[in-house]
Amino acid sequence: ADSESNDAGVMKDRSAAYFLIFMLVWSLRVVHAMVEFGHLYTCQTWCFSGMPETMVHLTVNPYFVGLRYHLGTLILAGLVTLITAPIHVAMQATYIVNLSCMKDLRKPYHQNIEGQSYQALYDVVLHGMPWCASSGHTPTVFRKQHRVRKSLQLASFLFAVLGVAFGGALGYLFAVLVVASRPEFYDVNGDQYMPWSGLCYMVATLISMLVAYPFMRIFGLVADNLLYCSIVLDQRQLHATRQRRSD
């Protein structure tokens, strides 16, 4: 009886731990969605309305709008992107490796799952669409400039890789200079002797790369968002032209 109660207690503890981990990851995804919303809102406001007059409209207002009008959508976005992220990674891998056995899955993926990512926030920000409607509409808009978007994404990716590598190189150089400026790190008989200086350089490089990644990612996000705004502007102008002709 004691062993059964212990096993039940262990199962409860594990379940609670798994639940807490899931909620933590979900919360991080919601925060990420909020940050994405702020970036998209600022970029689209600049594209369609020009530069805001005050820094409050540029920095505070996007997050105020997101929390006031779209909090439920952002919470849903965190959950959906958490669930579909492995599917996106797997499908992108099939394009890179060119697996013929996965070709039959690509059409259902594009129809149902492709839009279930943070790109659905493009229409949430611009048109105030619900998540489900936006996840279906945004990929349709981007397909009008599919080749341009792929080229832009490749250029943004290469630029981000160079930026992250440069950040890592700066971190490595900084660690080398710090260690070289402290002779006690080389004193074998001293208390501060550092036998694994290479490990210190590696950790500094990784931390610098992790810090540089969010900053470099903004360039790709803004470029993708500006392409989306450009396509929407072209569609609006085309619709206005057709309406004038019909009148």
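The values are calculated or read from the model by the stated rules, or taken from the named source; none is laboratory data. Everything quoted here is computed from the prediction, not taken from an experiment. Note that each Cβ is placed from the backbone with ideal geometry, even for glycine, and that neighbours are counted across all protein chains shown. Quick note on the areas: whole protein, heavy atoms, side chains included, nothing else; ligands and nucleic acids left out. Shrake-Rupley method; radii C 1.70, N 1.55, O 1.52, S 1.80 Å.
In terms of accessible area, using a 1.4 Å probe and ignoring ligands and nucleic acids, Trp131, Trp196, Trp26 rank largest first as Trp196, Trp26, Trp131. For region 152-247, dividing the convex hull volume of the Cα atoms by the residue count gives 76 Å³ per residue. Calculated translational diffusion coefficient of region 102-206 (37 °C, 0.692 mPa s; Stokes-Einstein with Kirkwood radius over alpha-carbon pairs) equals 181 µm²/s. For the pair Ser151 and Phe48, label points projected 7 Å from Cα toward Cβ lie 2.7 nm apart.
So between Leu162 and Phe215, what do we pick up on full extension, going 0.36 nm a residue minus the alpha carbon distance? All intermediate terms of the calculation are to be shown ahead of the outcome.
On the way: separation 53, 0.36 × 53 = 19.08 nm, distance 1.22 nm.
Length gained between Leu162 and Phe215: 17.9 nm.
Per-residue ellipticity at 222 nm from helix content only, as computed over the chain with -39500 (n - 2.57) for each DSSP H run of at least four residues, stands at -28000 deg cm²/dmol. Along region 170-185 the Karplus relation, 6.51 cos²θ - 1.76 cosθ + 1.60 evaluated at θ = phi - 60°, assigns HN-Hα couplings of 5, x, 4, 5, 5, 5, 4, 5, 5, 5, 5, 7, 10, x, 5, 5 Hz to successive residues, with x for each Gly and Pro.
What's the carbon and sulfur percent of the chain's accessible surface, probe 1.4 angstrom, rounded to a whole number? Mind dumping the intermediate values first?
Working: 10960 of 16250 Å².
Heavy-atom surface of the chain belonging to carbon and sulfur, 1.4 Å probe: 67 percent.
Each residue of region 43-48 was assigned a 3J(HN,Hα) from its phi angle through the Karplus curve 6.51 cos²θ - 1.76 cosθ + 1.60 (θ = phi - 60°); the sequence is 5, 5, 4, 5, 5, 9 Hz, with glycine and proline shown as x.
Treating each Cα of region 203-247 as an identical point scatterer and summing with the Debye formula, the log10 of I(q)/I(0) at q = 0.25, 0.26 Å⁻¹ comes to -0.82, -0.85.
Could you work out the percent of alpha carbon pairs in region 9-76 separated by over 15 Å, rounded to a whole number? Please report the intermediate quantities before stating the final value.
Values: 1394 of 2278 pairs.
The share of Cα pairs beyond 15 Å in region 9-76 comes to 61 percent.
If you average the sequence gap of Cα pairs under 8 Å that are 6 or more apart and divide by the length of region 126-247, what percent do you get for the contact order?
Values: 74 pairs, mean separation 43.6, N = 122.
Relative contact order for region 126-247 comes out at 36 percent.
Solvent-accessible surface of the chain, averaged per residue with a 1.4 angstrom probe and all protein chains in place: 66 square angstrom.
Per q in 0.12, 0.13, 0.14, 0.18 1/Å, what log10 I(q)/I(0) does a Debye calculation on the alpha-carbon atoms of the chain return? Those come out to -0.92, -1.01, -1.09, -1.41, one per q. Averaging the sequence gap over all C-alpha pairs within less than 8 Å and six or more residues apart, then dividing by the number of residues, gives the chain a relative contact order of 19 percent. Treating r as the C-beta distance of Thr241 and Val56 and R0 as 51 Å, the FRET efficiency rounds to 0.85. If you count Lys pairs in the chain whose Cα atoms are under 25 Å apart, skipping same-chain pairs closer than 8 places in sequence, the total is 4. Computed from point charges on the beta carbon alone (+1 for Lys and Arg, -1 for Asp and Glu), the dipole magnitude for the chain about its Cα centre is near 1460 Debye.
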